[in-house]
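Notes follow once the structure below has been shown.
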Amino acid sequence: MSKILTDLKRHALNGPTMGTRWSALFYTAAATDPEPVRAALAQSVDIVDRQMSTWKPDSDLMRINRAPVDTWICAPPELMTVLAKGLEVGRLSGGAFDIGMGDVTGAWGFGPREANSRAIRAALGKTRAPTHEVLEADFETMQVRKLAPLSLDLSGIAKGYGVDQMMTVLRRAGITDALVGLDGEMRACGMQPDVRPWTIAVERPDFAVRAPLSIIELHDRAVATSGDYRHWVDVGSKRLSHTMNPARGGPLTDAPASVTVLTKTCMEADAWATALMVSGQQKGAALVKETGLSALFIHRDGTDLRQTYIGWPNQGRARNFDDSEFLAGRP
C-alpha cells in the first residue's frame, strides 16, 4: 500500500434524521479529530428537518401551510432555496413535479396520519392549479405567499438538499474528496485515495429484499432514485406507489418501477427523479434531453427487469458521463 494511503484515516460517520440516517465517508490525516465535522453534519441536516418537515407541526413549512391565502410569510433562506428549486422543476416538468401535494399524500396515509377515505375522494375529484402558478416567492424580502389554498410537501426534494448541505459542510472543513448520503440520495466530490471514483449501487426495485442491480461510479456528481418499492399502499389486488400524480390527485398507476437521475446537485437529482417517475419514460425522455440530465428507467417485464438509459452513450455497456460511469446489468 502506498504511503499516501497509509497516512490517511478512513472516517465513516452517520446519524439519525428525517426518519432515516445520514452518512459521510471521507479520509483525513490520521491526527484529525472527526467530531467537529460530525457535529456540523448533524446540524446541517437537522436544520433541513426543522424547517421542511411535514411531521413537525412547528416547522417553517407547516407554518406556511397554516397561513391564510394572500398573506406574505417570512421564510428562512434554506427553505426559500428549496422552494425556488421546487417551483423551477415544477415549471420545467410541466407540473409533473409539484411541491403542493401535501393534502394528497396525507389523504393516502403517506404523512403523519392514517389514510382517510373521505379525503381520498376529495383529492381525486379536485381540480388544482400547478403550485408554480399559485405560490409566489420574493427573494428580496425572503417571503412567500399562497394565491390559492395549498398544502406544501417537500419530501421529494428536501433530502436531496440535505445531502448538498452536508457536502458544503465538508468543503468548509477542507475535505475535498468525500461521499455523502441521506437514504437513497448520494453525492460525491473528488476521488478515493487510490484515485478511483466513489462507488454506489442502484437498488433492485424489489418489494421484499434490498439488493443491488447496477453500480455507479461517481466523481463530482449526485444521484437520486425514486421508486415504487419502498413505500406503497395496497388497494384490492393493486399495489400503489407513494409517488403522487398531480393530474390525478392520487398514486401513480402504470409508472416505471424506478427512475435514477444523475446530475450536479442532489437537490436537482431528487426532484427530477420524482418528475420522471410521474412523466413516465416516453415523456421523461424528452425532459432528460431538454435539461441535460442522465436517467435510468427501470420497468418490470413479468419477472424480468428492463433497464433503459437516457443521456449515456454506448447503450447497453459501461456508461461514461462527465467523469461518471454506469456499469449496467450486474444483479
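Summary of computed values
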{"read-out": "Mean-position separation - Cα centroids, segment 1-72 and segment 152-204, in angstrom", "value": "11"}
{"read-out": "Protein accessible area in the chain, 1.4 Å probe - carbon and sulfur %", "value": "50"}
{"read-out": "Sequence of Ser155, Ser294 from largest to smallest accessible area, 1.4 Å probe", "value": "Ser155, Ser294"}
{"read-out": "Amide H contacts of Thr17 (H built 1.01 Å from N, under 5 Å, at least 5 apart or other chain)", "value": "Trp22"}
{"read-out": "Highest average packing first - 99-107, 146-154, Cβ atoms within 10 Å", "value": "99-107, 146-154"}
{"read-out": "Amide proton proximity set for Ser294, modelled H, under 5 Å, gap of 5+", "value": "Leu262"}
{"read-out": "Added length on full extension, which subtracts the Cα-Cα distance from 0.36 nm per residue, Ala30 to Ile47", "value": "3.1 nm"}
{"read-out": "Cβ-based charge dipole, the chain, positive-most Cα from Leu87, Cys74, Phe110", "value": "Phe110"}
{"read-out": "Fully extended contour minus Cα-Cα distance, from Thr199 to Ala129, at 0.36 nm per residue", "value": "21.1 nm"}
{"read-out": "Subset of Lys85/Lys126; Lys85/Lys146; Lys126/Lys159; Lys264/Lys289; Lys85/Lys264; Lys9/Lys159 violating a 19 Å alpha-carbon distance limit", "value": "Lys85/Lys126; Lys126/Lys159; Lys9/Lys159"}
{"read-out": "Highest average packing first - 112-124, 260-272, 82-94, 13-25, Cβ atoms within 10 Å", "value": "260-272, 82-94, 13-25, 112-124"}
{"read-out": "Inter-label distance for Asp254 and Asp138, nm, one decimal - labels placed 7 Å from Cα along Cα-to-Cβ", "value": "4.5"}
{"read-out": "Cα-based shape type of the chain, given that a ≥ b ≥ c are square roots of the gyration tensor eigenvalues and the cut on a/c is 1.5", "value": "oblate"}
{"read-out": "Label-point separation, Arg306 to Ala148 (7 Å along Cα→Cβ), nm", "value": "3.6"}
{"read-out": "Per residue solvent-accessible surface (Å²) - the chain, probe of 1.4 Å", "value": "47"}
{"read-out": "Student exercise, segment 59-154 dipole from Lys, Arg, Asp, Glu Cβ charges, in Debye to nearest 20", "value": "460"}
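The values are calculated or read from the model by the stated rules, or taken from the named source; none is laboratory data. Computed from a prediction, not measured in an experiment: that's the story for all the values here. When we count neighbours, we look across all protein chains shown, and the Cβ atoms used for this are built from the backbone with ideal geometry, even at glycine. Ligands, DNA and RNA are stripped out before the accessible areas are found, and what is left, the full protein with its side chains, is counted by its heavy atoms. Shrake-Rupley method; radii C 1.70, N 1.55, O 1.52, S 1.80 Å.
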